[in-house]
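Peer 1: Take this structure first; my questions come after.
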Amino acid sequence: MITFDAVTKRYPDGTTAVDALTLEAPTGEITVLVGPSGCGKTTSLRMINRMIDASEGQILLDGVPVSGIDPPTLRRGIGYVIQQAGLFPHRKIVDNVATVPYLLGWDKKKARARAMELLERVGLDPALAGRYPFQLSGGQQQRVGVARALAADPPVLLMDEPFSAVDPIVRTSLQDELLRLQAELNKTIVFVTHDIDEAIKLGDRVAVLRVGGRLAQLADPKTLLSE
Ligand code: ADP
Ligand code: ADP
């Protein structure tokens, strides 16, 4: 469970990106942060894994303030997926997915076996494992990005507009795949999007933010649907 307890982020230039945000992201659920560009979604996400630190308030991971956990330790338990998959261009797909297991010192064979298993799970043709990122479509690269984030089996997955850059048909299939994966894996997922339909489809709970970084509404997606 991730808890935002009155979290505020002010950047050095005076911009208040997130304003007294209080929010819970329960284990096993997809919590969606939705709102227009500039409402503080990315900033909120990056405070969870301490790419950015809060100015006020605190974020707790299973009751422990993240401010007291050193970032490398914290990030071992947190997968992170961004809009452009951010794959290493000079590494084969299988090695991209196995990056974290290699870093953790896993046996190379075991790391690769794990990578192949994950590629299958995210619906990527295993025949693509030996290719390089530029040889894959945008949608395929996003699947690899998700597999890579899951490689060390982190309990938490942060996703920042992961499907926004792919075409609508592929996006739908990636969304379906994520829901299937989550039904199996029961991660704590925080998913950022500016697309309300995506929020309703994926979210177990949906936090609507508005520019200035304030929480406008915390909703069950079914009630959003009926409005
Ligand atoms: P979103 O992800 O919802 O688009 P962001 O978290 O990226 O929103 O940004 C929230 C607000 O903070 C915006 O006004 C943005 O311009 C500002 N901002 C983001 N990063 C910085 C930064 N490093 N320095 C100053 N302002 C920033
Ligand atoms: P996105 O909308 O995908 O979050 P942006 O183009 O808003 O991407 O931001 C890209 C990078 O620039 C981020 O690292 C963000 O923190 C930073 N950034 C965004 N707005 C500002 C700003 N007003 N001043 C300084 N840095 C910013």
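Conditions (1) under 26 Å from residue 23 (Cα atoms); (2) more than 13 Å from the chain's Cα centre (by Cα); (3) within 16 Å of ligand 1 (Cβ to nearest atom), marked per residue:
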residue	(1), (2), (3)
127	no, yes, no
139	no, yes, no
149	yes, no, no
161	yes, no, yes
179	yes, yes, no
184	yes, yes, no
194	yes, yes, yes
200	yes, yes, no
213	yes, yes, yes
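Peer 1: For residue 105, work out the one condition from (1) on the phi > 0 side of the Ramachandran plot; (2) in contact with a strand residue (DSSP E or B) (Cβ under 7 Å, 6 or more places away or on another chain); (3) not charged (D, E, K, R) it doesn't fulfil.
Peer 2: Going through the list (1) on the phi > 0 side of the Ramachandran plot; (2) in contact with a strand residue (DSSP E or B) (Cβ under 7 Å, 6 or more places away or on another chain); (3) not charged (D, E, K, R), residue 105 breaks only (2).
Peer 1: Tell me which of these residue 38 doesn't satisfy, since it passes every other one: (1) surrounded by fewer than 13 Cβ atoms within 10 Å (Cβ to Cβ); (2) within 16 Å of ligand 1 (Cβ to nearest atom).
Peer 2: In the conditions (1) surrounded by fewer than 13 Cβ atoms within 10 Å (Cβ to Cβ); (2) within 16 Å of ligand 1 (Cβ to nearest atom), residue 38 misses (1) alone.
Peer 1: If you scan segment 139-165, which residues turn out to be away from ligand 2 (no atom under 15 Å from the Cβ), assigned to a loop (DSSP other than H, G, I, E, B) and without any contact (Cβ under 8 Å) to a residue 40 or more places away in the chain? Don't jump to the end; show me each part of the working.
Peer 2: Residues of segment 139-165 away from ligand 2 (no atom under 15 Å from the Cβ): 139-141, 143-144, 146-157.
Still in the running and assigned to a loop (DSSP other than H, G, I, E, B): 151-155.
Listed by number, the list holds a single entry, 153.
Peer 1: Within segment 184-223, which residues are in a loop (DSSP other than H, G, I, E, B) and free of Cβ contacts under 8 Å to residues at least 40 places away in the same chain?
Peer 2: First pass over segment 184-223, keeping only residues in a loop (DSSP other than H, G, I, E, B): 186-187, 194-195, 203-204, 211-213, 220.
Hit for segment 184-223 is 220, nothing else.
Peer 1: Check whether at least one residue in segment 70-82 is surrounded by 15 or more Cβ atoms within 10 Å (Cβ to Cβ), away from ligand 1 (no atom under 15 Å from the Cβ), under 27 Å from residue 196 (Cα atoms) and touching a residue at least 60 places away in the same chain (Cβ under 8 Å), and report yes or no.
Peer 2: Initial filter on segment 70-82 (surrounded by 15 or more Cβ atoms within 10 Å (Cβ to Cβ)): 74-75, 77-82.
Pick out the ones that are also away from ligand 1 (no atom under 15 Å from the Cβ) and you get 74-75, 77-79.
In the following step, the residues that additionally are under 27 Å from residue 196 (Cα atoms) were identified as 78-79.
If we keep only those that are touching a residue at least 60 places away in the same chain (Cβ under 8 Å) as well, we get 78-79.
Yes, segment 70-82 contains a residue that is surrounded by 15 or more Cβ atoms within 10 Å (Cβ to Cβ), away from ligand 1 (no atom under 15 Å from the Cβ), under 27 Å from residue 196 (Cα atoms) and touching a residue at least 60 places away in the same chain (Cβ under 8 Å).
Peer 1: So, one more: Considering only segment 171-227, state which residues are over 19 Å from residue 123 (Cα atoms) and acidic (Asp, Glu).
Peer 2: Hits for segment 171-227 are 195, 197, 198, 204, 220, 227.
Peer 1: Please work out which residue is modelled with the lowest pLDDT, limiting yourself to segment 140-176 and to residues that are of a type in the set (Gly, Ala, Ser) and over 26 Å from residue 103 (Cα atoms). First the steps, then the outcome.
Peer 2: Initially, segment 140-176 is screened for residues of a type in the set (Gly, Ala, Ser), giving 145, 147, 149, 151-152, 164-165, 173.
Restricting the remaining residues to those that are over 26 Å from residue 103 (Cα atoms) gives 164-165, 173.
Numbers: 164: 89, 165: 85, 173: 89.
Only one residue tops the list, namely 165.
Peer 1: Any residue in segment 43-53 that is within 12 Å of ligand 1 (Cβ to nearest atom), of a type outside the set (Lys, Arg), crowded, with 18+ Cβ neighbours inside 10 Å and over 15 Å from the mean Cα position of the chain (by Cα)?
Peer 2: Checking segment 43-53: not a single residue is within 12 Å of ligand 1 (Cβ to nearest atom), of a type outside the set (Lys, Arg), crowded, with 18+ Cβ neighbours inside 10 Å and over 15 Å from the mean Cα position of the chain (by Cα).
The values are calculated or read from the model by the stated rules, or taken from the named source; none is laboratory data. Source: prediction; values computed, not measured. With ideal geometry, Cβ positions are generated from the backbone for all residues, glycine too; neighbour counts draw on all protein chains shown.
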